[in-house]
Amino acid sequence: MMEPRENPMNSDVILKVEHVTMRFGGLVAINDLSFDVRRNEITALIGPNGAGKTTVFNCVTGFYRPTMGRILMTQKSGKVCHLERMTDFTINREAKVARTFQNIRLFTGLTVLENLLVAQHNTLMRASGYTVLGLLGFKGYRNASVAAIEKAKLWLERADLLDRADDPAGDLSYGAQRRLEIARAMCTDPELLCLDEPAAGLNPRESLELNKLLRAIRDDTGTSLLLIEHDMSVVMEISDHVVVLEYGTKISDGTPDEVKNDPKVIAAYLGVDDEEVDEVLDEITHATDEAQA
Amino acid sequence: MDGEPMEYFIQQTVNGITLGSIYGMIAIGYTMVYGIIGMINFAHGDIFMLGAFAALITFLVLTGLVAGFPVVAALIVMMAVAILMASLWNWTIERIAYRPLRGSFRLAPLITAIGMSIVLSNFIQVTQGPRNKPIPQLVSEVYDVFGISISLKQILIVIITVVMMTAFWYLVNRTSLGRAQRATEQDRKMAALLGVDVDRTISITFIMGAALAAVAGTMYLMYYGVAVFTDGFTPGVKAFTAAVLGGIGSLPGALLGGLLIGLIESLWSAYFSIDYKDVATFSILAIVLIFKPSGILGRPEIEKV
Amino acid sequence: MTVQSTNPASKQESLVARGLREAFFAGLISLGMFSLYVGLKTDQNMLNELVLVPRWGMLAIFVVLAMIGRFLMIVAVQPWLAARKSARASAAHGQAEVPGFVARNLTVLAVIALVLFPPLVVGLFGMQGSLKWIDNFGIQILIYVMLAWGLNIVVGLAGLLDLGYVAFYAVGAYSYALLSSYFGLSFWLLLPISGILAAFWGMVLGFPVLRLRGDYLAVVTLAFGEIIRLVLINWVEVTKGTFGISGIAKASIFGIWSFDVSAPNNFAKAFDLPMSSAYYKIFLFYVILALCALTAYVSVRLRSMPIGRAWEALREDEIACRSLGINTVTTKLTAFATGAMFGGFAGAFFGARQGFVSPESFVFLESAVILAIVVLGGMGSLVGIAIAAVVMVGGTELLRELTFLKAVFGPDFTPELYRMLIFGLAMVIVMVLKPRGFVGSRQPTAFLHERKAVSGSFTKEGHG
């Protein structure tokens, strides 16, 4: 087990996963996992299938309650939230953590714009005086709904969906649905955005657009990102920090380059013995050199 | 209260098991159809009622033809005709009201099922009249076992339930038909790709459910000696409740649920209040579901994120 | 109109041949199905024993009708439906049709027609003659419209399948009946109280079932509906059981004019009009019309507010809702409570209209009919639901009027008997032809460029 590198109160760390264990009956999905997500960075969580990545996500976003361990979220304001104690919807509302899903979960029968308005539910609820004032037509609510549409427009622009605003979300192409899901999550004003395989099923062009969008989120909004990804080109391209899981434990943690060259990671991915690692490593560098050439 | 407290309790338990057997047999039809096409077949209770009426009319035909028709033979013929009628109706209903909606909006077949339920009960009201239809006691022997009176009717009902359930269990677990059913239940598209005739399998499921409901209908007629066009509703709702209580989609669950409902009903009537027996049944259903949302034997629905 | 075939004659012929074959099978099956139930009738003789009366002629009629029906289905209806479908598919590529004047101003026209309905009917049929039209058709249909709109919030918007909605109607009706008989409170005070009590019960019943999904929720709501009815039957000291509560006070015109014949401020006396019960009915018609308008207004407004959007989002995907910080528990509860509140209003109105309430009026069948209206109309669509209520309730109500059928089928023929039979058949037929209801598409609540209806194939029906 690695020692946590930063002290928990360090403002540089936004999310601190500490000794988290998750058991389903007899199955240990995550075992004593600790890692940090730093602010204003893109952190990637990678690992072979069944390594427990989505389980980590579900623990962080409150869909599962970890069997043991702590998950601390430090907001910009300095407020610290214990995510392992919070229920799912409060994690978004109070802790400001948003997420997307591996199998896209859009409101397919609502329009693209409506999807983004639903995401601003809590802001609009307060503005409408919990429906009562809004029903009576108070001005505050009308202003708030105009502002909500403006914000939705902003994110539609960023996600390149402005001309599809009035179409049903279910009518969008796969790539556009992925972008919409991210835009929707961003409309909740999160400080940490968790993306579950955002590039899955995208073609190379859509994948590039996605990279651009994710970088823009990190650079322009100050939202930190935690993502699960299988597509190594995306991971290596955009992430600042990579955490590698295998069988529910962390086997490597560092910059993309460090991780790429970690023999344990290569062994995990290729399923080879440690002795053969050097051999494989050579082949890979060879192959990547060729590819870059 | 008559007799010793213990004997009274056992007596009520026997009554409950009899009633529960009937509910359990109807519940199987709900649970099978739900398992295979995921719809609540609201008309199933009325199929049960049609079965009871088929048995009633057959009984009248038999007694009209031959004066002293042997009771056992009469019961067998009644059951056979009821099974035939109920199966034919359920098969036709599936063809015209449910099949065109398969794969469509989930609530649409629910509404056609409610519509069919209304049609069936009103059809019987129009064709057979709204009055109660009493028949003479078919089986009247009562035995005294250690101070508990058990009627032959009750014994027959329990035996027939056990026989039907065994046959049914065999059909579902040990035959290729059962395999086709389970395959269709799991993944209809994949089953079709692998050569399972899905339409036929679903039709047979409806026929099997109807057959059990018809047997239950005959038993009900024999037990209470009366049939009326509204009979589909209350036993239907109880059986449906039983299916959900046991865990909808689970065959042993349906029988277990039926027995539980029967027991709750008879014990509650015996010890508390007969007026509130259905309130007790429904309250227990709600309480069970609140603590175990997928029923007693149902597989818990895992929320896949 | 037939399918694109190079040889229409042979196609037509084979169609007829197929139709005949299918008709033959249909005849066989219907012969089997109807043999016992139609062919033989159980009747009681002088000794109160059941005897069978054969009706082979009737059986033959049923079988022949089934054969003709099947034949027409194969030869005419199915090709027509196929042709219409392909025509529609090719038309879809063309420009969207511009809605006509009637379609564009439907709401306004409908409101005007409804407001003018009572004077028009009075003018046509006179005071006494108008009673039937205003009461049996007008008020009756509008009650169902209001109930269905209320249930629409729960089922159509939030996607929670509620099979016990009639319970809240009952709570409203009994709240009014009991509070007005025991405490002598007025209709206008009790109307909101009934709504609030029903909403309260909506919350109480809603709370424990929030964890349940899909059909489990359906059965528990059904159970709650039955529990409330059974309590009304058995709690005789308060509710008078199956006898019901009679002599419930009428509503007054805001306490100024009364419709009580003995009251000094009687409406007819105050204006020196001839005594008639029609005034009260006309007044009630406008009351229920106003209540419907309130329901529609609140539904429409709520839909474009965060709470309404959250309801619809909940119908589409509950997990996504939670990931967006929406408290699904309160969202579901507000849907239950709001729907129940309108049920309660309708119930209080029902009590004032009938002057009598009994558990008989709140059976499961009522819940089923209201749900059927919501689904037949098209979940979420107020216009569609109103159309469904007019067609289903008004249509079956019309059957009562078909007295001329007595001339055809003999004096024993009672069309009322067939009312529910036809209602059930209509439910099946409409659903099979239009599985998404009369209005299958959804109007978005906000738009940037243009308002485009969302096709029904994208909207989900919820899992609750």
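The values are calculated or read from the model by the stated rules, or taken from the named source; none is laboratory data. Just so it is clear, the model here is predicted, and its values are computed rather than measured. Note: ideal-geometry Cβ built from the backbone for every residue, glycine included; neighbour counts use all protein chains shown. These accessible areas exclude ligands, DNA and RNA; they are computed on the full protein's heavy atoms, side chains included. Shrake-Rupley method; radii C 1.70, N 1.55, O 1.52, S 1.80 Å.
At-a-glance table
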| quantity | calculated |
| --- | --- |
| Residue in segment B:250-277 that is farthest from the other protein chains (Cβ to nearest Cβ), counting only those that are in contact with a Ser or Thr (Cβ under 8 Å, 6 or more places away or on another chain) and free of Cβ contacts under 8 Å to residues at least 24 places away in the same chain | B:W268 |
| Residues being surrounded by 24 or more Cβ atoms within 10 Å (Cβ to Cβ) and either farther than 30 Å from A:G109 by Cα or of a type in the set (G, A, S) (or both) - total across segment C:139-163 | 5 |
| Residues of segment C:25-50 classified as assigned to a helix (DSSP H, G or I), among the aliphatic types (A, V, I, L, M) and surrounded by 14 or more Cβ atoms within 10 Å (Cβ to Cβ), total | 5 |
| Residue match in segment B:106-127 (condition: in contact with a strand residue (DSSP E or B) (Cβ under 8 Å, 6 or more places away or on another chain) and surrounded by 17 or more Cβ atoms within 10 Å (Cβ to Cβ)) | yes |
| Pairs, first in the same structural domain as A:R179 (by TED's automatic domain parsing) and aromatic (F, W, Y) in segment A:83-102, second assigned to a strand (DSSP E or B) and open to solvent by less than 30 Å² (accessible area, probe 1.4 Å), C-beta under 8 Å, six or more apart | none |
| Residue under evaluation A:E150, criteria (1) at pLDDT 85 or above; (2) at the interface with chain C (Cβ under 8 Å from one of its Cβ atoms); (3) more than 24 Å from C:R322 (Cβ to Cβ), criterion not met | (2) |
| Cβ pairs under 7 Å, 6+ apart, first in segment C:360-387 and away from every other protein chain (no Cβ under 13 Å) and within 24 Å of C:F243 (Cβ to Cβ), second in a helix (DSSP H, G or I) and not aromatic (F, W, Y) | C:F362/C:V166; C:F362/C:A170; C:F362/C:R229 |
| First in segment C:332-357 and open to solvent by 10 Å² or more (accessible area, probe 1.4 Å), second anywhere and part of a helix (DSSP H, G or I) and of a type in the set (K, R), Cβ under 9 Å, 6 or more apart | C:R353/C:K281 |
| Segment C:309-327, residues that are at the interface with chain A (Cβ under 7 Å from one of its Cβ atoms) and not basic (K, R) | C:A310, C:E312, C:A313, C:E316, C:D317, C:I319, C:A320, C:S323, C:L324, C:G325, C:I326, C:N327 |
| Residue in segment A:164-182 that is under 23 Å from the mean Cα position of the chain (by Cα) and part of a loop (DSSP other than H, G, I, E, B) present | yes |
| Residue in segment C:170-180 that is part of a helix (DSSP H, G or I) and free of Cβ contacts under 8 Å to residues at least 24 places away in the same chain present | yes |
| Residues located in segment C:260-276, provided they are closer than 17 Å to C:A352 by Cα and either at pLDDT 75 or above or charged (D, E, K, R) (or both) | C:D260 |
| Check on C:L191, hydrophobic (A, V, I, L, M, F, W, C), surrounded by fewer than 24 Cβ atoms within 10 Å (Cβ to Cβ) and either modelled with pLDDT of 90 or more or assigned to a helix (DSSP H, G or I) (or both) | yes |
| Tally of residues being more than 7 Å from chain B (Cβ to nearest Cβ), more than 15 Å from C:G384 (Cα to Cα), open to solvent by less than 50 Å² (accessible area, probe 1.4 Å) and not in a loop (DSSP other than H, G, I, E, B) across segment C:420-453 | 1 |
| Unique match (being assigned to a helix (DSSP H, G or I) and surrounded by fewer than 24 Cβ atoms within 10 Å (Cβ to Cβ)) among B:G51, B:G68, B:G45, B:G35 | B:G35 |
| B:T230 touching a residue at least 40 places away in the same chain (Cβ under 8 Å), over 13 Å from the mean Cα position of the chain (by Cα) and farther than 16 Å from C:F364 by Cα | no |
| Residue within segment B:100-108 that is facing another protein chain (nearest Cβ under 7 Å), assigned to a helix (DSSP H, G or I) and in contact with a Pro (Cβ under 7 Å, 6 or more places away or on another chain) present | yes |
| Filtered residues of segment A:47-88 (kept if open to solvent by less than 20 Å² (accessible area, probe 1.4 Å), within 11 Å of another protein chain (Cβ to nearest Cβ), closer than 26 Å to A:V265 by Cβ and not in a helix (DSSP H, G or I)) | A:T61 |
| Enumeration of residues in segment C:171-224 that are small (G, A, S), away from chain B (no Cβ under 14 Å) and closer than 22 Å to B:L289 by Cβ | C:G202 |
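Residue by residue, here is whether (1) open to solvent by less than 70 Å² (accessible area, probe 1.4 Å); (2) within 13 Å of chain C (Cβ to nearest Cβ); (3) free of Cβ contacts under 8 Å to residues at least 40 places away in the same chain holds:
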| residue | (1), (2), (3) |
| --- | --- |
| A:A127 | yes, yes, yes |
| A:R142 | no, yes, yes |
| A:R158 | no, no, no |
| A:D167 | yes, yes, no |
| A:D196 | yes, yes, no |
| A:L202 | yes, no, yes |
| A:R205 | no, no, yes |
| A:L208 | no, no, yes |
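Every residue, every condition in (1) part of a loop (DSSP other than H, G, I, E, B); (2) open to solvent by 60 Å² or more (accessible area, probe 1.4 Å); (3) over 22 Å from C:S35 (Cβ atoms); (4) within 7 Å of chain C (Cβ to nearest Cβ), yes or no:
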{"residue": "B:T63", "(1), (2), (3), (4)": "no, no, no, no"}
{"residue": "B:V72", "(1), (2), (3), (4)": "no, yes, yes, no"}
{"residue": "B:A82", "(1), (2), (3), (4)": "no, no, no, no"}
{"residue": "B:L88", "(1), (2), (3), (4)": "no, no, no, yes"}
{"residue": "B:I93", "(1), (2), (3), (4)": "no, no, no, no"}
